[in-house]
Amino acid sequence: MELLSTTLFYLSAFVIVWAMVGYPVSIKLIGKRYKSRKIEKDYHHQPTVTVMVVAHNEEKVIQEKLNNILELEYPKEKIEFLISSDNSTDQTNNMVRDFITKHLEYKIRLYEVKIRKGKTNAQNEAQKTVTTEFLVMTDANSLIDKNAVKELMAAFISDEIAYVTGRLSISNQGASEVSHAESNYWDIDLETREIEGKIQTITAGNGALYACRTKDYYDFNPIQCHDSAMPVFYALKGRRAIANHDAIAYEKAGEVIEDEFGRKVRMNRDIVRDILPDIRILNVFKYKWFSYFYFGHRTCRYLLWIAHLMLLISNILIIQDGWFYILTFCGQVLFYLLALIQAIIKSKSKYLSYIYYYTVTITAQWVGLFRILTGKAKPFWEKAESSR
């Protein structure tokens, strides 16, 4: 029993440390070897493109989004716009129709999903009406840079590249400690993704801005999201998913912890499958760096919920074995206590905010798991109102 407890203790500690420290540090060191490697671009590559905006009850932001996409600098005869409305019940559809009427010189279409099944389903249905060579997808609450489509298309230099994601920039990072913490997380994660893409392929994208060939589009289960499913899907086919961070999308993060918590719970609606979505990923001889990337960047992170619980329980069981285990137990208790204190006093301390933010992230994984086990996991928007 003691051997099992000790093994669980060190295994759990490894998962946590590797996910949060070991892998990020290792990828930076590996990246130095590939420092001279740049993402190749061909700005003469300007195929026909459909920009798809997915929306559900977005009357607060849809007007600004529509104006934003019309400012894209791309040959007018080669670009179309498709708004896929996931059974919106507010004024979203009427506002889109009115906008189309006032801008007949542009190719803008509204696709109305009759039964709400979530973002991925709305994309699946609307994609079947697309006739252009490429598909660019973006969220209703994201504003994209005028050169974003041009940048995405320039990165598709060969058939080997199947997916290109842009860079998400948090536009309200100074609004609150919550949005600041989220912005810092993204800065670190984006650096990791850029290195992964240069070496081989990224392990996840972001829903604010990404593109693929229309012929390569795949109808994923609505419970899945493109952010995590698409890069893996293409990687297992021996193709590349990369990040072009010159294609920029701007989005607000939740400014209150309740908003960010809801968003993270939705992100973890398929967490069990995401730990290892396909056993083939472990074949390092075939998938090379991607196997390493996925284990460190995804598998270990998706195991944090159970790793923290096992670390605490196993620590209690072996605490009598010496001062080291007493120290690690006290450290864990202190960590969670500080998170609780921050939840109560709402301190401006960035260190307390990071501890609290991290603890909320782990809690969201547990809630996501609970919803899966109880059949309550739904592929629906849980919008952060403070980001709209």
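Tabulated values for the structure
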quantity	calculated
Percent RCO, i.e. relative contact order, over the range 223-340, from Cα pairs under 8 Å lying at least 6 residues apart	18
Residues of type aspartates and glutamates that Lys348 reaches as a straight line, Cα spacing below 19 Å, ignoring anything fewer than 8 places off in the same chain	Glu177, Glu182, Glu255, Glu258, Asp259, Glu260
Rounded Å value of the spacing that divides the Cα centres of the range 205-248 and the range 3-53	16
Of the DSSP H helices in the chain, those whose Cα atoms cover at least 27 Å axially and whose Kyte score averages 1.6 or more	323-345
Kirkwood Rh in Å, taken over all unlike Cα pairs in the range 49-257	17.3
Most mobile of Val265, Val21, Val49 in a GNM of the chain (Cα contacts under 10 Å)	Val21
Calculated [θ] (222 nm, deg cm²/dmol) that DSSP helices of n ≥ 4 give over the chain, each run adding -39,500 (n - 2.57)	-14500 deg cm²/dmol
Options Gly322, Ser291, Ile242, ranked by Cα towards positive dipole end of the chain, top entry (Cβ charges)	Ser291
Cα-based convex hull, the range 292-381, per residue volume (Å³, whole number)	164
The range 215-288: trypsin sites (Lys or Arg not before Pro) in DSSP coil with no more than 16 other Cβ atoms inside 10 Å	Lys237, Lys288
Placed amide H near Ser84: partners under 5 Å, 5+ positions off or other chain	Val53, Val54, Ala55, Tyr111
Residue of Leu304, Leu327, Leu66 that the Gaussian network model of the chain assigns the largest fluctuation, springs spanning Cα pairs under 10 Å	Leu327
Fluctuation leader among Lys41, Lys117, Lys346 - the chain, Gaussian network, Cα springs under 10 angstrom	Lys346
Under 17 Å from the Cα of Lys376 - lysines, other chains or at least 8 residues apart	Lys117, Lys119, Lys264
Exceeding the 23 Å Cα-Cα cut-off - candidates Lys114/Lys215; Lys60/Lys215; Lys60/Lys252; Lys35/Lys252; Lys215/Lys378	Lys114/Lys215; Lys60/Lys215; Lys35/Lys252; Lys215/Lys378
Interchain or long-range residues, amide H under 5 Å from Lys107's placed H	Phe81
In order through the range 47-56: 3J(HN,Hα) via Karplus (6.51 cos²θ - 1.76 cosθ + 1.60), integer Hz, x for Gly, Pro	x, 6, 9, 10, 8, 9, 10, 9, 9, 9
Within the range 79-163, GluC sites (Glu not before Pro) in DSSP loop having at most 16 other beta-carbon neighbours inside 10 Å	Glu105, Glu133, Glu160
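Laboratory data are not the source of any read-out in this text; all were calculated from the coordinates shown. Small disclaimer: the values here were computed from a predicted structure and weren't measured. Glycine gets a Cβ as well: all are built from the backbone with ideal geometry, and neighbour counts include every protein chain shown.
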